[in-house]
Amino acid sequence: MYKALASSSSLLRSGLRFSSPLSRTLAPVPRSLSFSRSSSFFSSSRLRSPSSWRVACDPRSPISLRAGIRSSAAAIQRFERRMATIATENPFKDILTSLPKPGGGEYGKYYSLPALNDPRIGIIFLISYHILSGFYLSRPFRNCDNFQVAKEDIEKIIDWENSAPKLVEIPFKPARVLLQDFTGVPAVVDLACMRDAMNKLGSDSNKINPLVPVDLVIDHSVQVDLARSENAVQTNMELEFQRNKERFSFLKWGSTAFRNMLVVPPGSGIVHQVNLEYLGRVVFNTDGILYPDSVVGTDSHTTMIDGLGVAGWGVGGIEAEATMLGQPMSMVLPGVVGFKLSGKLRNGVTATDLVLTVTQMLRKHGVVGKFVEFYGEGMGKLSLADRATIANMSPEYGATMGFFPVDHVTLQYLKLTGRSDETVSMIESYLRANKLFIDYNEPQKEAIYSSYLELDLADVVPCVSGPKRPHDRVPLKEMKKDWHSCLDSKVGFKGFAVPKESQEKVVKFDFHGQPAELKHGSVVIAAITSCTNTSNPSVMLGAGLVAKKACELGLEVKPWVKTSLAPGSGVVTKYLLKSGLQNYLNQQGFNIVGYGCTTCIGNSGDLDESVAAAISENDIVAAAVLSGNRNFEGRVHPLTRANYLASPPLVVAYALAGTVDIDFENEPIGIGRDGKSVFFKDIWPSTEEIAEVVQSSVLPDMFKSTYQAITAGNPMWNQLSVPATTLYSWDPKSTYIHEPPYFKNMTMMPPGPHGVKNAYCLLNFGDSITTDHISPAGSIHKDSPAAKYLMERGVDRKDFNSYGSRRGNDEIMARGTFANIRLVNKLLKGEVGPKTIHIPTGDKLYVFDAAMRYKAEGHDTVVLAGAEYGSGSSRDWAAKGPMLLGVKAVIAKSFERIHRSNLVGMGIIPLCFKPGEDADSLGLTGNERYTIDLPSNMNEIRPGQDIIVATDTGKSFTCTLRFDTEVELAYFNHGGILPFVIRNLINSQH
């Protein structure tokens, strides 16, 4: 709710301008080296200007970029003439109101929602008002120019009660864009390539420049090469720079070549924790106009900022690039699910237990494409870090956003993290004036939501999720039973099909001179990692207390368990050291290994050779336990087939136990130094113990000093030298940065729509194919096409790095597309791996090799899939890769929202089977040839229309065309979103 009204005040300001005067006059300084606190929350004098935004919803994508034109050249010319002449006077200037300071003067002016005096505003304040008013109304008012944002658009928002069921589109602009380096590198590569394209077409290449503030945090590159060592941080960072020097130099070049781009150097923290603790504003003050903060990010867990009362969620890199270039976004008004919290968590229950419970409930309820707003008296019992933990996992429960309105808890957190008293006072005054602040000291009116859920916090019990999906929650007391069920069950999300006679197998091996053993369920990776949990002092200090109690009782983690601790910011290190608990974590092997995502995104590093051999040679189902947010098979480590999400204290407990095959209530974790059994309850801290150490150890000065320090970068970053050029000099020999082929032979005339004729099926999938399957971010397998490419160019295997680190090279990423070793392709009839059948010959080939053979033969290809195709991380390469492989269409039961829009952005046709149908029910084997007969005239194509798909066997079936908006049809007409943007920018200067 908060977001819907805030969006209206935001759409009010800025008019036709793609950026404020502030953003247009910023000098192209290397912002990576001038990251001052004034650009964030310590000062309100230099807060940055608003930007364009995008959302997505199911079945109609809530967000895709708004276009001003459709297809014809005449329409383009009319569009551009209007852009050049349109007046920027705001039709809502009469409700621009002064916000006074308590001691005199004013904070600035704001668009007052109550001043509209429209009776429907009262209804919106009742209908999930924090999202609707905060997100949708505040911003549209600010940006209203009667062109990109029309008065009629705001009317649609105010009439939300009637508009929402009709899937009405509105434009929207966020305040900023957030990137991490895995997605940031390809974004900057694309921007650099677009500059070249503009240059070749005879236009001004400097028009390719971010017109909205862009923050890029380098956090995805560090790997756990060295663990269990006091030297781990330095060693891992040195290796990180050795592997990624070229990428980092490229990003540093981008920070100087492009205006309004901030690059936060490696070793600073995890992007979402930095966003929460430092970058988030809650309220912007730009040129004296106040409006709510909002952000879109190229990482799906951008939603973490929703816990701070800031609207944010993930979009694909392709959409983010267009947003940076000033393109407004179009979104469908979504439904808002109200989630009422009551009571309080029981003693010993963590925020991680809560978020895994919430994830399971919302996944079952069905919230894909919807907003979730949390409310109720239980909110006051949750710290802001607890709220951020819940908001972080919005992608896992399927919502676009999991939002927590601003209240006194938010204000306390802002002060704790070093935001100035004046800034916090301004935030509170603005939100109260616009009826967007929740004060639980006042009577609360029950809001009206699209649907409702309720949870008594006292009902939450300790739990984990796994072994292969984040929403497969397992109560801790049922874990042993569930594990044995997984061993028995057939291969699937909850099964490994281990024969009964093999389930008790014990493998003995030598670990550096020590006798060691593994069996099914043995924990070989225990990682305290991920922004989901490392931003929360209660669970981090709780892990330290578990380690302390274990040390005092004489328990030790077995040395062959790869333990690691990767904080999301330097603040964590400071409070762990002040509390004295880091020493106990070190004794259990949880030394700090670096400041980044590490194991959560597959950067877990190699297992010891003896451990790896024991697993692979004996077909052991080994386990990883991590405090992450995703545990899809093949993501954490190729050799850990069972992966469980757990709170940091539970990660330590399972590391001590050495197995997930344990009943913590009745079986001992180990034997203490006194020879007595030590049980789970003996090492588990009480809620009061944790609260006491949090209170004494987490201090505001820690946040201030940490974020003042990162402005200076680090010696390795500062030593990188980059050329002072605006056009990038591509090195054809580089295996990290490569000029992509997207704009080769591009002309000013859009190519128009295309159908698909007699295409072969490249891959035939079942349900839940994730972006990890399509575009893996893990290690590069030694026998893969990508490995062959690297070795042919003299790259040693030890220097392969990860797929994620090489996202700036399209040659690597095309070869890495569908390269996941756990890929299940029905064409292989049960065989698992990154291969497929070349239908004309019957040859079994790597997917890349098969795709290249089809392209060489002049054949199009399609992909068949089940439900939730493209779920997981918001990776643009999961769409770019298939496009480069020649895939023209994906036919699925359903799509994840960001991935569907990414496919559209790359010119791939997304089609959905009709309800109740799929490839199996229609008798499709994937051996057929497919023809998708789209009209050649754009005016004959409509969003969501029925399309006939015919096969060469005589079968035909009807699908829904998942171009969900007129805007997306315009992208398709132009061959994708980036060519569309280039043509618009060139036309605008004419």
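Partner lysines whose Cα lies under 28 Å from the Cα of residue 200, excluding those fewer than 8 positions away in the same chain, are identified as 252, 733, 744, 855, 880, 888.
Over all pairs of different C-alpha atoms in region 495-541, the reciprocal of the mean inverse distance, the Kirkwood hydrodynamic radius, equals 14.1 Å. For region 827-877 versus region 594-614, the spacing of their alpha-carbon centroids is 28 Å.
Highest average first, the peptides 752-760, 642-650 ordered by how many other beta carbon atoms sit within 10 Å of their residues are 642-650, 752-760. Check cross-link reach from residue 494 to the aspartates and glutamates: straight Cα distance under 13 Å, and skip same-chain residues fewer than eight apart. By straight Cα distance, residue 494 reaches 472, 482, 633. Here region 345-485 has 50 percent of its accessible surface on carbon and sulfur atoms, given a 1.4 Å probe and all protein chains in place.
When the Kirkwood hydrodynamic radius is evaluated over all pairs of different C-alpha atoms of region 348-460, what value in angstrom, to one decimal, is obtained? Walk me through the numbers before you get to the answer.
Numbers: mean 1/r = 0.0655 Å⁻¹.
After inverting the pairwise mean of 1/r, the radius is 15.3 Å.
The residues of region 728-832 expose on average 42 square angstrom of accessible surface per residue, using a 1.4 Å probe on protein heavy atoms.
In summary, the aspartates and glutamates within cross-link reach of residue 93, defined as a Cα separation below 20 angstrom excluding same-chain residues under 8 places away, comprise 106, 118, 145, 152, 153, 155, 287. Express the C-alpha Rg of region 172-274 as a ratio against the empirical globular expectation 2.2 N^0.38 Å, rounded to two decimals. Working it through for region 172-274, the quotient is 1.25.
Give me the 1.4 Å probe accessible area per residue for region 457-499, excluding ligands and nucleic acids, in Å².
I get 40 Å² per residue for this part.
Each of 656, 612, 694 was scored by the projection of its Cα onto the charge dipole of region 601-709, and the greatest displacement toward the positive side belongs to 694; charges sit on the C-beta of Lys, Arg, Asp and Glu. As a rough guide to protection, the peptides 603-613, 368-378 ranked by mean Cβ packing within 10 Å, highest first, stand as 368-378, 603-613.
Ratio of Rg to Rh for region 544-664, alpha carbon only, Kirkwood?
Numbers: Rg = 14.3 Å, Rh = 15.0 Å.
Looking at region 544-664, the ratio lands at 0.96.
From most to least packed by mean Cβ count within 10 Å, the peptides 344-355, 252-263 give 252-263, 344-355. Close amide H contacts of residue 889 (hydrogens built in the peptide plane, cut-off under 5 Å, sequence separation of 5 or more or a different chain): 863, 909. Rounded to whole Å, the principal axis extents of the Cα atoms in region 597-718 read 50, 38, 27, largest first. Here, P(r) means the percent of Cα pairs in each 5 Å bin from 0 to the largest distance; for region 812-966 it is 2, 9, 17, 23, 23, 17, 8, 2, 0.
The values are calculated or read from the model by the stated rules, or taken from the named source; none is laboratory data. In this text the structure is predicted, and so the values were computed from the model without any measurement. Every residue, glycine as well, gets a Cβ built from its backbone with ideal geometry; the counts of neighbours run over all protein chains shown. Just so you know, the surface numbers come from the protein's heavy atoms only, side chains and all, with ligands and any DNA or RNA stripped out. Shrake-Rupley method; radii C 1.70, N 1.55, O 1.52, S 1.80 Å.
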